[in-house]
Amino acid sequence: MKKDFYVYTLAKPDGTVFYVGKGTTRKVGDKVFDRIDDHEKEARFSLSEIKRRRFNYEKCKTIQDIWAQGGQVLKQKVYTTGVELNAYIYEWILIHLIYGIDHLTNKSKYGINYSLPETDTPDHSKTSTSSEEMISLAKAGKILGVSSATVLNIIKAGKLPGYRIASEAWRVRRGDVEAYLEAIRYKPHVQETSHLYYGK
């Protein structure tokens, strides 16, 4: 089945966009997750735990503030394509030309943690620690406690999304690696429900 990629926005109840991202649905173990839903799962943790897990603190704090005021995050998929590069480009345009990096919470050392391919942007794997940064298989292996070869096998088995940026070079999204780690840490007993633990 053809895989669709999308660009989405997160907004406050008054419609003010505070985050722009690129996403797709992904399979982790036996469960299917949608990137647009991950942010609220991350925001359910305490602020200290959000810092410890290296989630995007400003984004999560904004979501918590919305909840504290009795509101809901407005989530909208604004662009869908079957070509991943097109999604990267559209995301970049929204961040830099439409909303502006100073009005968003996609922050990194470079001012924005957008996700254009590594050949077109600084190496985020050395500078960013958010759940959306693209990291090498070696770095993913350190998080999972396995070799980079094992990470590649996990990708090829369809258990972890991977992005080939060259003939022998791969990148994975930190958030996907952390979600996979959470999934394999929790193995339900027979008498428990079959769904995996994800967030809270």
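The values are calculated or read from the model by the stated rules, or taken from the named source; none is laboratory data. Nothing here was measured: the structure is a model prediction, and the numbers come from that model. Heads up, the Cβs are rebuilt from the backbone with ideal geometry, glycines too, and the neighbour counts pull from every protein chain shown.
Observations on the structure shown:
- Among the residues listed as 84, 58, the single one being acidic (Asp, Glu) and in contact with a Phe, Trp or Tyr (Cβ under 7 Å, 6 or more places away or on another chain): 84
- Some residue of segment 128-142 being at pLDDT below 55 and either of a type in the set (Val, Ile, Thr) or closer than 19 Å to residue 52 by Cβ (or both): yes
- Condition met for residue 44 (basic (Lys, Arg) and under 18 Å from residue 134 (Cα atoms)): no
- Flag for residue 7 being modelled with pLDDT under 95, surrounded by 20 or more Cβ atoms within 10 Å (Cβ to Cβ), in a strand (DSSP E or B) and among the aliphatic types (A, V, I, L, M): yes
- From 79, 19, residue being under 21 Å from residue 101 (Cβ atoms), among the aromatic types (Phe, Trp, Tyr), surrounded by 15 or more Cβ atoms within 10 Å (Cβ to Cβ) and at pLDDT 95 or above: 19
- Checking the stated criteria, residue 97 turns out to be more than 18 Å from the chain's Cα centre (by Cα) and either assigned to a strand (DSSP E or B) or surrounded by fewer than 17 Cβ atoms within 10 Å (Cβ to Cβ) (or both).
- Of all residues in segment 22-32, those satisfying the criterion of being buried (at least 21 other Cβ atoms within 10 Å of the Cβ) and either at pLDDT 80 or above or touching a Ser or Thr at 6+ places or on another chain (Cβ under 8 Å) (or both) are 22, 23.
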